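Everything on this sheet refers to the single structure shown next.
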Amino acid sequence: MSAIPPLGLGTYQQSDHQTCIDAVETALNVGYRHIDTAQGYENETSVGAGLTRSSVPREELFVASKLATENLAYDDVIETAVESLDRLGLETLDLLYVHWPLNSYDPAETLPALDELVDRGLIEHVGVSNFEPRQLAEARDVLDAPIAANQVECHPLLQQERLRADAADHDYQLVAYSPLAQTEILDDPTIVDVAEHHDATPAQVCLAWLRHHDIASIPKATGRTHISENYDSLDVTLDPAAIERLDAIEETHRVVDFDAAPWHAES
């Protein structure tokens, strides 16, 4: 398994150039070493500028991006990965994901191109995102490189037990996007009560719960207050009773969903 830092900065919907630059620079100054972006976010140039403004050595950084669904044919994977590197100002990406197994995704075309990028030293690790167990098994059959990560929505109201089990069985990192359900679960009574008992915020409780289950997370934040609040979750350790209460939450809430999403085909 790749050494993916347990907490990263997500940059989804950070389309304002200066805001994104400032967020990346602030996060790195606070202590983050994991930065996540995507071709589809159209902010790789901004992320790269934020990286450039930081004094953190490259070898201490873990930078991940994702291939857009229209860029998954073999030649497009190679070409657009090089373009992403250029926008980010990097020679190598630590992790490149297939963002969704949709549109131009074809395992026989897409995945060998990722192996080629590894062989050329342009990416260190191969990742997938929004893959269900069947698609993960198919990808493992095609890839030469191991799957390092599967990035999916995950939080106490979407606990992803099947994918957690698959990650444990096949030794890859589960990475949670929207780990705070885009703030929609921060007033959940159980989460709020656990937070009060741990002298923490609801956001910190969600992030600590993920970390307890060996799930990395990439919460989006722009201002220093929220960036620091999320980072300080690394100092929050939930007691066994709190973990039991959070694990027992039965309500399910998914914030990223649409008819063609892979999980609907799996259900």
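The values are calculated or read from the model by the stated rules, or taken from the named source; none is laboratory data. All figures in this text were calculated on a predicted structure; none of them were measured in a lab. When we count neighbours, we look across all protein chains shown, and the Cβ atoms used for this are built from the backbone with ideal geometry, even at glycine.
Give just the number: which of (1) modelled with pLDDT of 95 or more; (2) surrounded by 20 or more Cβ atoms within 10 Å (Cβ to Cβ) does GLN14 not satisfy?
(1)
How do the pairs read when you match residues in region 50-64 that are farther than 13 Å from GLY31 by Cβ and without any contact (Cβ under 8 Å) to a residue 24 or more places away in the chain with residues anywhere that are of a type in the set (A, V, I, L, M, F, W, C) and surrounded by fewer than 17 Cβ atoms within 10 Å (Cβ to Cβ), using Cβ under 9 Å and keeping only pairs 6 or more apart or on different chains?
Cβ pairs passing all conditions: none.
Would you check which residues across region 35-72 are buried (at least 23 other Cβ atoms within 10 Å of the Cβ) and either in contact with a Pro (Cβ under 6 Å, 6 or more places away or on another chain) or among the basic types (Lys, Arg) (or both) and list them?
LYS66
Return the residues of region 219-249 that are over 17 Å from ASN29 (Cβ atoms), touching a residue at least 40 places away in the same chain (Cβ under 8 Å) and among the β-branched types (Val, Ile, Thr); say none if nothing qualifies.
Result: ILE249, single match.
Could you list, in sequence order, all residues of region 229-244 that are of a type in the set (Ser, Thr, Tyr) and either buried (at least 17 other Cβ atoms within 10 Å of the Cβ) or under 18 Å from the mean Cα position of the chain (by Cα) (or both)?
To start, the set of residues in region 229-244 that are of a type in the set (Ser, Thr, Tyr) comprises 231, 233, 237.
Result: TYR231, SER233.
Report, by residue number, each residue of region 47-72 that is more than 16 Å from ASN130 (Cβ to Cβ), out of contact with any Lys or Arg (no Cβ under 9 Å at 6 or more places or on another chain) and part of a strand (DSSP E or B).
Initial filter on region 47-72 (more than 16 Å from ASN130 (Cβ to Cβ)): 47-63.
Next, only the ones that are out of contact with any Lys or Arg (no Cβ under 9 Å at 6 or more places or on another chain) stay: 49-50, 52-55, 57-59, 63.
Once the filter is applied, which keeps residues that are more than 16 Å from ASN130 (Cβ to Cβ), out of contact with any Lys or Arg (no Cβ under 9 Å at 6 or more places or on another chain) and part of a strand (DSSP E or B), region 47-72 yields only VAL63.
Here's the yes/no breakdown for (1) more than 15 Å from SER233 (Cα to Cα); (2) of a type in the set (Phe, Trp, Tyr); (3) in contact with a helix residue (DSSP H, G or I) (Cβ under 8 Å, 6 or more places away or on another chain):
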position: GLU138; (1), (2), (3): yes, no, yes
position: VAL175; (1), (2), (3): yes, no, no
position: GLN182; (1), (2), (3): yes, no, no
position: ILE185; (1), (2), (3): yes, no, yes
position: VAL194; (1), (2), (3): no, no, yes
position: LEU207; (1), (2), (3): no, no, yes
position: LEU210; (1), (2), (3): no, no, no
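Please find, within region 89-139, the residue that is surrounded by the most Cβ atoms within 10 Å (Cβ to Cβ) out of those that are among the small types (Gly, Ala, Ser) and either at pLDDT below 95 or assigned to a loop (DSSP other than H, G, I, E, B) (or both).
SER104
Tell me which residues, restricted to region 252-265, are closer than 13 Å to GLN160 by Cα and in a loop (DSSP other than H, G, I, E, B). Lay out the reasoning, then the answer.
Going residue by residue through region 252-265, those that are closer than 13 Å to GLN160 by Cα are 252-254, 263.
Those that are closer than 13 Å to GLN160 by Cα and in a loop (DSSP other than H, G, I, E, B): THR252, HIS253, ARG254.
Does THR45 meet the test of being in contact with a helix residue (DSSP H, G or I) (Cβ under 7 Å, 6 or more places away or on another chain) and not small (Gly, Ala, Ser)?
yes
If HIS17 satisfies all but one of (1) under 18 Å from ASP86 (Cα atoms); (2) within 18 Å of the chain's Cα centre (by Cα), what's the number of the condition it fails?
(2)
In the list ALA200, ALA208, ALA165, ALA216, which residue meets the criterion of being touching a strand residue (DSSP E or B) at 6+ places or on another chain (Cβ under 8 Å) and hydrophobic (A, V, I, L, M, F, W, C)? Walk me through it before giving the result.
Details: ALA200 fails: touching a strand residue (DSSP E or B) at 6+ places or on another chain (Cβ under 8 Å); ALA208 fails: touching a strand residue (DSSP E or B) at 6+ places or on another chain (Cβ under 8 Å); ALA165 fails: touching a strand residue (DSSP E or B) at 6+ places or on another chain (Cβ under 8 Å).
Answer to the selection: ALA216.
Taking the conditions exactly as written (crowded, with 22+ Cβ neighbours inside 10 Å, at pLDDT 95 or above and more than 22 Å from LEU9 (Cα to Cα)), does VAL205 satisfy them or not? Working first, answer last.
Details: crowded, with 22+ Cβ neighbours inside 10 Å: yes; at pLDDT 95 or above: yes; more than 22 Å from LEU9 (Cα to Cα): no.
So VAL205 does not fit the description; no.
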